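This report concerns only the one structure given below.
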Amino acid sequence: MPKEIVAFDFDGTLSIRDSFTAFLKWRVGPLKYLGGMLRLVPAALAYLGDRDRGRIKAASVDVFLKGIKREALAIQAEAYRDEVWKKFMRPDALAKWEEWGAKGVHRVIVTASPETTIAPFAERLGAENLIGTQLEFDGDDRVTGRFATPNCRREQKVQRIRAVYGPDVRVLAAYGDTSGDEQMIAMAEEKGFQVFTRKP
């Protein structure tokens, strides 16, 4: 593994908004999405007390994705990427992404969204790696409704980067847009917080 990397958050950084909730709404349609959101009310009320984003996100996986086969989900995620790409990706972020790529630097997307739903975006970008929250699959390769890893935000981003690249990894630059990216940005030499603002 390389010892020098550049890390990009995805949602709100490379993209204009959260991709996971947008994907869930896209795949089930407005009416089913509304019904699912009603089922999430208890989880939303619990979030007001514990502020555990991972728990409420896992609840949404249980409501909207439980039982779907890994391959089917990957196909849907790819179709979603193709449909939204032109209106979803920030041009200034893409320019910076390509700038680092032209220098031959190893670029990694580090996101709290599920790796499975971000993978098609990472593939089209030519990302050298993708680190995200991992969905749990059962023996039949279906989504269990749970995560296999902790929610990849805040300190988890730092821990996952070091787990992959080693404790002495040099982060040349890191870009993000929320408090969930602060620790990752803090470890970088070039600190890019909310630097991408353009819309397609």
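The values are calculated or read from the model by the stated rules, or taken from the named source; none is laboratory data. Everything numeric in this text was worked out from a predicted model, so none of it was measured. Ideal geometry is used to build each Cβ from the backbone, glycine not excepted, and the neighbour counts take in all protein chains shown. In case anyone asks, the SASA skips ligands and DNA or RNA and just uses the protein heavy atoms, side chains included. Shrake-Rupley method; radii C 1.70, N 1.55, O 1.52, S 1.80 Å.
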Hey, residue 15 of a type outside the set (A, V, I, L, M, F, W, C), open to solvent by less than 10 Å² (accessible area, probe 1.4 Å), touching a residue at least 40 places away in the same chain (Cβ under 8 Å) and farther than 20 Å from residue 136 by Cα or not: yes
Residue 78 vs. criteria assigned to a helix (DSSP H, G or I) and surrounded by fewer than 16 Cβ atoms within 10 Å (Cβ to Cβ): no
Residues (open to solvent by less than 10 Å² (accessible area, probe 1.4 Å) and not hydroxyl-bearing (Ser, Thr, Tyr)) located in the range 89-119: 89, 93, 97, 108, 109, 110, 114, 118
Single residue of 61, 84 found to be surrounded by 14 or more Cβ atoms within 10 Å (Cβ to Cβ), modelled with pLDDT of 95 or more and under 16 Å from the mean Cα position of the chain (by Cα): 84
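For (1) of a type in the set (Gly, Ala, Ser); (2) farther than 30 Å from residue 68 by Cα, each residue gets a yes or a no:
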| site | (1), (2) |
| --- | --- |
| 110 | no, no |
| 113 | yes, no |
| 123 | no, no |
| 137 | no, no |
| 141 | no, no |
| 153 | no, no |
| 168 | no, yes |
| 187 | no, yes |
Residue within the range 11-20 that is in contact with a Ser or Thr (Cβ under 9 Å, 6 or more places away or on another chain) and aromatic (Phe, Trp, Tyr) present: yes
Residue match in the range 38-51 (condition: within 19 Å of the chain's Cα centre (by Cα), at pLDDT 80 or above and either open to solvent by 80 Å² or more (accessible area, probe 1.4 Å) or more than 30 Å from residue 192 (Cα to Cα) (or both)): no
Out of 141, 181, 168, sole residue that is open to solvent by 40 Å² or more (accessible area, probe 1.4 Å), touching a residue at least 40 places away in the same chain (Cβ under 8 Å) and closer than 18 Å to residue 5 by Cβ: 168
Every residue from the range 122-157 that is under 19 Å from residue 105 (Cβ atoms) and either hydrophobic (A, V, I, L, M, F, W, C) or outside any loop (DSSP other than H, G, I, E, B) (or both): 122, 123, 124, 125, 127, 129, 130, 131, 157
